Structure formats: structure tokens, C-alpha cells
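So the structure is just underneath, and the comments pick up after that.
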Amino acid sequence: MPIYEYKCKECGKEFEELVPIGIDKNPSCPSCSSENTEKKFSIFGSLGAGCGNSGFT
Ligand SMILES: [Zn+2]
């Protein structure tokens, strides 16, 4: 399961969220509960770094 890093546009809180495959919805901010969050990047792939981590289709 990929871990995405999000940043809240409302309060600037940065947090990580485990997002199940197929879910394309920004989580709400754990700090202010705003849904105005943006995905920064995924660290999925860096865990098993080595051979071809571009498995995103
Ligand atoms: Zn917030």
C-alpha cells in the first residue's frame, strides 16, 4: 500500500497517509479537518528500491 504525503492548504500541516489502491481522494487534515489538502508525492517504491520502481500505470 503506497504512502502518500499530503499538505494541508488551510493550515500548512504536512502528514502522511496510507492510501489503498484505487482510492483517489485526498484525506482530510488531521489538524484542522479541512479537505483542502494536496498530495505531495509518494514514497512507494523507495522502500524496495532497486529494479524498476515505475509500476504506475
Ligand atoms: Zn489543516
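The values are calculated or read from the model by the stated rules, or taken from the named source; none is laboratory data. Nothing here was measured: the structure is a model prediction, and the numbers come from that model. Quick reminder, even Gly has a Cβ in these numbers, built from the backbone with ideal geometry, and neighbours come from all protein chains shown.
Just one of (1) exposed (fewer than 12 other Cβ atoms within 10 Å of the Cβ); (2) modelled with pLDDT under 85; (3) polar (S, T, N, Q) trips up Asn53, so point out which. The single condition Asn53 does not satisfy is (1). Scanning the range 18-33 for residues that are within 16 Å of the ligand (Cβ to nearest atom), of a type outside the set (A, V, I, L, M, F, W, C) and more than 14 Å from Glu5 (Cα to Cα), we see that the one that is surrounded by the most Cβ atoms within 10 Å (Cβ to Cβ) is Ser31.
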